[in-house]
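What follows is a short report on a single structure.
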Amino acid sequence: MIGLPLGGPGPLLVLLLALVIDALFGDWLDRVLPDPARLANRFCNAADARLNRIERGPTDRLLRGALVIVTLVLIAGLTGLLVEWIGGHGRGWLVELLVVLCGVRGRAAWTRIRAVRRALENGGAVAGQVAIQTLTRRHVYGLDEHGVARAAVEAAARAFARKLVAPVFAYALLGVPGLLIWTAMDGADAALGSPGVRHSRFGLTAATLDDALNALPARLAALLLALGAPFVGSAKIGQAFRTMARDARKHPSLNMGWPIAAMAGALGLSLGGPHRDGGVVITESWIGDGRARATPADIGRALALFAVAALLLVGLVALLMTGLASI
């Protein structure tokens, strides 16, 4: 771990403070603090519009996409090193704390998923489609109420992995540079990593690097979700592990199948499955062997499991901090 602030709290205490602050005030902070992932997303969208021309050859598009990602990683890494240098002087650790809060967005993601549940309960499928639109890559207007609920449960599993566990893992391992590189790649993957002809070459570097960076955090997130199951009503830890072992690799994403399978097994649901994109049926495997007819109540159970798993993550950080302090 790099960047131990002199004269201030160590990185793990900064991280622990950030997790507590995010849990309490994350909704408000999401409105006032810049989101590095969103900034990276805008950067990549602008580069995509300028550099990813259809008339260019596949090799040219691959190289241009790689150059965009290398530039983004350098900007994020150098910014992180500057923040750590500031954090090592006097009260500069407060700047580091603010940057960590910019990268950890667990409470904000949790709140957006809760809004989908409320929309379904109050306005039915149409309101749910509008609320889930920014949380899934599926064609939302082809989803019925159960489809929206399944998408929201999947979004809860993905958000726990990508908006909480992954930035915490990156910061604990590589400090602020690691955190900012991870969040930058999160935004880059959202902009360029989607499947399709346009980004098959230009977005290949973004998708590949995102898969590599997310390999361990996604599996840690799945483990925490499974371990949180006994504390959430009828959720089942054994079924969570069985579903992970059987179905995690069925998901189109190399990594997101793990937390989604843990969520599906714990809650007794079937997630994923075929869905419509316009007039085309997209065939995807089912994950889990429970109910496919998910309901708003199931979204609530997913949010409860998210919260419990987040508490386990906080406990893990505190345990690591205590262990290092005793060395």
Leading residue by the ranking (farthest from Leu305 (Cα to Cα)) among those in the stretch 215-236 that are part of a loop (DSSP other than H, G, I, E, B) and among the small types (Gly, Ala, Ser)
Ser234
Among the residues of the stretch 179-195, is there at least one that is in contact (Cβ under 8 Å) with a residue 24 or more places away in the chain and not in a helix (DSSP H, G or I)?
yes
I'd like to verify a number: residues in the stretch 196-230 that are in contact (Cβ under 8 Å) with a residue 24 or more places away in the chain, open to solvent by 20 Å² or more (accessible area, probe 1.4 Å) and within 19 Å of Ala161 (Cβ to Cβ), how many?
9
Assuming Arg56 fulfils every condition listed in (1) part of a helix (DSSP H, G or I); (2) in contact with a Lys or Arg (Cβ under 9 Å, 6 or more places away or on another chain) apart from one, which condition is it?
(1)
Out of all the residues in the stretch 237-277, which are in a strand (DSSP E or B) and out of contact with any Phe, Trp or Tyr (no Cβ under 8 Å at 6 or more places or on another chain)?
Leu269, His275, Arg276, Asp277
The stretch 265-303 - residue that is modelled with pLDDT of 90 or more, charged (D, E, K, R) and within 18 Å of Asp144 (Cβ to Cβ) and, of those, surrounded by the most Cβ atoms within 10 Å (Cβ to Cβ)
Asp298
Would you confirm, using the coordinates I've provided, whether Leu174 is touching a residue at least 40 places away in the same chain (Cβ under 8 Å), at negative phi and open to solvent by 40 Å² or more (accessible area, probe 1.4 Å)?
yes
Might you check whether a residue that is within 25 Å of Gly196 (Cβ to Cβ) and either touching an Asp or Glu at 6+ places or on another chain (Cβ under 9 Å) or without any contact (Cβ under 8 Å) to a residue 40 or more places away in the chain (or both) occurs anywhere in the stretch 76-94?
no
Give the stretch 241-267 a look and list any residue that's within 15 Å of Val153 (Cβ to Cβ) and charged (D, E, K, R), or say none.
Asp247
Could you please tell me which pairs satisfy a Cβ distance under 7 Å, a separation of 6+ or placement on different chains, a first residue in the stretch 20-43 that is closer than 19 Å to Gly203 by Cβ and open to solvent by less than 20 Å² (accessible area, probe 1.4 Å), and a second residue that is of a type in the set (D, E, K, R) and in a helix (DSSP H, G or I)?
Ala37/Asp186
Checked Leu174, Leu135, Leu143 against criteria (of a type in the set (A, V, I, L, M) and within 26 Å of Gly228 (Cα to Cα)); the one match is Leu135
Top-ranked residue in the stretch 142-158 [being of a type in the set (Gly, Ala, Ser) and surrounded by fewer than 24 Cβ atoms within 10 Å (Cβ to Cβ); ranked as farthest from Ile299 (Cα to Cα)]
Gly142
For the stretch 231-249, which residues satisfy the criterion of being surrounded by fewer than 16 Cβ atoms within 10 Å (Cβ to Cβ) and either touching a strand residue (DSSP E or B) at 6+ places or on another chain (Cβ under 6 Å) or modelled with pLDDT under 90 (or both)?
Gly233, Ser234
If only one of Arg91, Arg50, Arg56, Arg64 is charged (D, E, K, R), more than 23 Å from Ala166 (Cβ to Cβ) and crowded, with 17+ Cβ neighbours inside 10 Å, which one is it?
Arg64
Pairs returned, first residue in the stretch 123-150 that is more than 17 Å from Gly272 (Cα to Cα), second residue that is open to solvent by 40 Å² or more (accessible area, probe 1.4 Å) and of a type in the set (A, V, I, L, M), beta-carbon separation under 7 angstrom, 6 or more apart or interchain, are Ala131/Ala115
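The values are calculated or read from the model by the stated rules, or taken from the named source; none is laboratory data. These numbers were taken from a predicted model, which means no experiment stands behind them. In this analysis, Cβ positions are derived from the backbone assuming ideal geometry, glycine residues included, and neighbour counts consider all displayed protein chains. With ligands, DNA and RNA removed, areas are computed over all heavy atoms of the protein, side chains included. Shrake-Rupley method; radii C 1.70, N 1.55, O 1.52, S 1.80 Å.
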